[in-house]
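The values are calculated or read from the model by the stated rules, or taken from the named source; none is laboratory data. Just so we're clear, the structure is a prediction, and the values are computed from it rather than from any experiment. No Cβ is skipped: glycine too gets one built from the backbone with ideal geometry, and neighbour counts run over all protein chains shown. Surface areas here come from the heavy atoms of the whole protein model, side chains and all, with no ligands, DNA or RNA. Shrake-Rupley method; radii C 1.70, N 1.55, O 1.52, S 1.80 Å.
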Amino acid sequence: MLIEQIWTANAYRNFHYLVACAETGEALAVDPLDWQRCLCVAKARGWQIRQILNTHEHRDHTGGNARLVEATQAKVLAHAQAAARIGGVDRGLVEGDIIRIGRTVELRCLDTPGHTMTHICALAEAEVPALFCGDTLFNAGAGNCYNGGKPELLYATFAHRLAQLPDATRVYPGHEYLARNLEFTLDREPGNAAAAALLLAARNQDPAAPIVTTLYDEKQINAFLRTAEPAIIARLRERCPRLGAAPDACAVFLALRELRNSW
Ligand SMILES: [Zn+2]
Ligand SMILES: [Zn+2]
């Protein structure tokens with residue numbers, strides 16, 4: 001499996017991805033808003049884009065579909081329940097579906113509501129697993145729920161789906177927010193040495209050659225995956241006394257999500 005992470009340098013700070021089969025050169029484009037950039041990278045690598053995957057229905061993920069289809073005749077794949085809103089979807093995806101790319105690559109679809117109610121994450125169960133997680137999990141952060149989402153479901157997705165994947169899984173989100181998210185983690189947990197160390201690197205990173213975290217890393221640096229951490233709970237209680245001394249993980253997650261909305 002070949003993965004090309006494409007930095008768009010646009011105002012939304014989108015990342016796109018090309019996932020290709022090393023044997024056939026067939027590729028799938030993830031959320032290719034900047035379709036021309038995707039096409040350029042594919043050409044440079046000698047790959048043919050045969051499929052487009054939209055992780056969810058937001059325009060900053062789907063807005064490049066029509067032009068990329070025009071250029072490549074690629075098939076469009078998206079959550080079955082999002083297909084009508086996106087338009088032009090050739091294959092509606094449900095939990096457990098397999099997306100095949102060429103002869104050697106398979107992505108498994110995870111139904112991951114929260115950011116929106118119709119969000120798919122795609123997991124490559126390769127030797128080094130990879131997760132294309134759209135606006136659900138960000139490096140060191142979590143998607144918001146302003147535009148059609150539900151924080152309770154985002155919690156369930158984090159705790160019961162994503163956190164259960166192998167620690168070695170590499171995390172490929174839909175946007176570059178690493179430094180900002182680490183600042184939030186450190187605001188909640190000032191003694192988090194792993195987050196502080198990564199923040200230095202994140203501030204100096206070239207987004208065109210981005211830092212890739214694993215789920216193991218995320219469990220160290222992402223407040224939304226550290227809901228049992230006593231330091232996080234103690235500091236949250238200063239702002240939300242109603243949390244109590246031993247809040248459940250969902251209550252902590254919801255308080256973090258709410259705080260992040262205005263942070
Ligand atoms: Zn979104
Ligand atoms: Zn987005």
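The table for this structure:
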item	result
Subset of the stretch 39-75 [in a strand (DSSP E or B), more than 16 Å from ligand 2 (Cβ to nearest atom) and not β-branched (Val, Ile, Thr)]	Gln48, Arg50, Gln51, Lys75
Thr55 under 20 Å from Phe138 (Cβ atoms) and either surrounded by 15 or more Cβ atoms within 10 Å (Cβ to Cβ) or free of Cβ contacts under 8 Å to residues at least 12 places away in the same chain (or both)	yes
Selected residue (only one of Ala197, Ala159 is under 24 Å from Ile232 (Cβ atoms), free of Cβ contacts under 8 Å to residues at least 12 places away in the same chain and not in a loop (DSSP other than H, G, I, E, B))	Ala197
For Gln48: the one exception among (1) touching a Pro at 6+ places or on another chain (Cβ under 9 Å); (2) closer than 21 Å to Arg91 by Cα; (3) open to solvent by 40 Å² or more (accessible area, probe 1.4 Å)	(1)
Members of the stretch 12-24 found to be away from ligand 1 (no atom under 14 Å from the Cβ) and open to solvent by 10 Å² or more (accessible area, probe 1.4 Å), listed by number	Ala22, Glu23, Thr24
Matching residues, the stretch 228-258, being in contact (Cβ under 8 Å) with a residue 40 or more places away in the chain and of a type outside the set (Lys, Arg)	Glu229, Ala231, Ile232, Leu236, Ala249, Cys250, Phe253, Leu254, Leu256, Glu258
Filter result (away from ligand 2 (no atom under 16 Å from the Cβ) and either outside any strand (DSSP E or B) or farther than 15 Å from Thr213 by Cα (or both)) within the stretch 124-139	Ala124, Glu125, Ala126, Glu127, Val128, Pro129
